[in-house]
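So that we are looking at the same thing, I have put the structure below in structure tokens.
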Amino acid sequence: QVQLVESGGGLVQAGGSLRLSCAASGIIFSIDFMGWFRQAPGKQRELVAGITRGGSTNYADSVKGRFTISRDNDKNTVNLQMNSLKPEDTAVYYCNVYYRIVNYWGQGTQVTVSS
């Protein structure tokens, strides 16, 4: 059974940095897609950044130039380096893995950016 464990959320002042990590267990084959979504109160969950098995990345316009996604295919981990954080980045961040035609989600980690 696939499980995702996230870490790295917290409280930071505007302009600061945080690094989110997600480790997937129960993986036998290569993971097709790994990504990070976020959901702020009263808003829909949105894609923040994604990365394919081959290393192609995509980012939400709101985070381009500030966030960087990376993955380790051998360790089945995905990271999100978040720099120049803004109060509007405040949300619960969810790790997402698309594996063997199934979407898996982490439990979510809170990121709060104070002004």
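Looking at N96, N58, can you tell me which residue is without any contact (Cβ under 8 Å) to a residue 40 or more places away in the chain, in a strand (DSSP E or B) and of a type in the set (S, T, N, Q)?
N58
What residue, of V63, V92, is within 13 Å of A49 (Cβ to Cβ), among the aliphatic types (A, V, I, L, M) and within 14 Å of the chain's Cα centre (by Cα)?
Residue meeting the stated conditions: V63.
Only one of (1) surrounded by 16 or more Cβ atoms within 10 Å (Cβ to Cβ); (2) touching a Ser or Thr at 6+ places or on another chain (Cβ under 8 Å); (3) not hydroxyl-bearing (S, T, Y) fails for D32. Which number is that?
Against the list (1) surrounded by 16 or more Cβ atoms within 10 Å (Cβ to Cβ); (2) touching a Ser or Thr at 6+ places or on another chain (Cβ under 8 Å); (3) not hydroxyl-bearing (S, T, Y), D32 comes up short only on (1).
Right, here's the next one. Identify the residue in the range 74-83 that is outside any strand (DSSP E or B) and in contact with a strand residue (DSSP E or B) (Cβ under 9 Å, 6 or more places away or on another chain) and, among all such residues, is surrounded by the most Cβ atoms within 10 Å (Cβ to Cβ).
So, considering only residues that are outside any strand (DSSP E or B) and in contact with a strand residue (DSSP E or B) (Cβ under 9 Å, 6 or more places away or on another chain), the one surrounded by the most Cβ atoms within 10 Å (Cβ to Cβ) is N76.
Sticking with this one: Taking the condition more than 19 Å from W105 (Cβ to Cβ) and of a type in the set (A, V, I, L, M, F, W, C), does L85 pass?
When the stated conditions are applied, L85 passes them.
Now a separate question. Being among the hydrophobic types (A, V, I, L, M, F, W, C) and part of a loop (DSSP other than H, G, I, E, B) is the filter here; which residues of the range 21-43 pass it?
I27, I28, F29, I31, A40
Among the candidates L47, L11, single out the residue that is outside any loop (DSSP other than H, G, I, E, B), of a type in the set (A, V, I, L, M, F, W, C), closer than 21 Å to S114 by Cβ and out of contact with any His (no Cβ under 7 Å at 6 or more places or on another chain).
Just a single option satisfies the conditions, and that option is L11.
When the range 99-115 is examined, which residues are found to be open to solvent by 30 Å² or more (accessible area, probe 1.4 Å) and either under 16 Å from Q13 (Cβ atoms) or touching a residue at least 24 places away in the same chain (Cβ under 8 Å) (or both)?
Matches in the range 99-115: R100, V102, Y104, W105, Q107, Q110, T112, S114, S115.
Checking the conditions here, which among R71, R19, R38 is surrounded by fewer than 17 Cβ atoms within 10 Å (Cβ to Cβ) and touching a residue at least 12 places away in the same chain (Cβ under 8 Å)?
One residue alone meets the criteria, R19.
Here is a follow-up. Among (1) open to solvent by 40 Å² or more (accessible area, probe 1.4 Å); (2) more than 14 Å from W105 (Cβ to Cβ); (3) of a type outside the set (S, T, Y); (4) assigned to a strand (DSSP E or B), where does V5 come up short?
V5 satisfies all of (1) open to solvent by 40 Å² or more (accessible area, probe 1.4 Å); (2) more than 14 Å from W105 (Cβ to Cβ); (3) of a type outside the set (S, T, Y); (4) assigned to a strand (DSSP E or B) except (2).
The values are calculated or read from the model by the stated rules, or taken from the named source; none is laboratory data. Here the structure is a predicted model, which is why all the values come from computation and not from measurement. Cβ coordinates were reconstructed from backbone atoms using ideal geometry, including for glycine residues, and neighbour counts include every protein chain displayed. Protein only, heavy atoms only, side chains kept; ligands, DNA and RNA dropped before computing areas. Shrake-Rupley method; radii C 1.70, N 1.55, O 1.52, S 1.80 Å.
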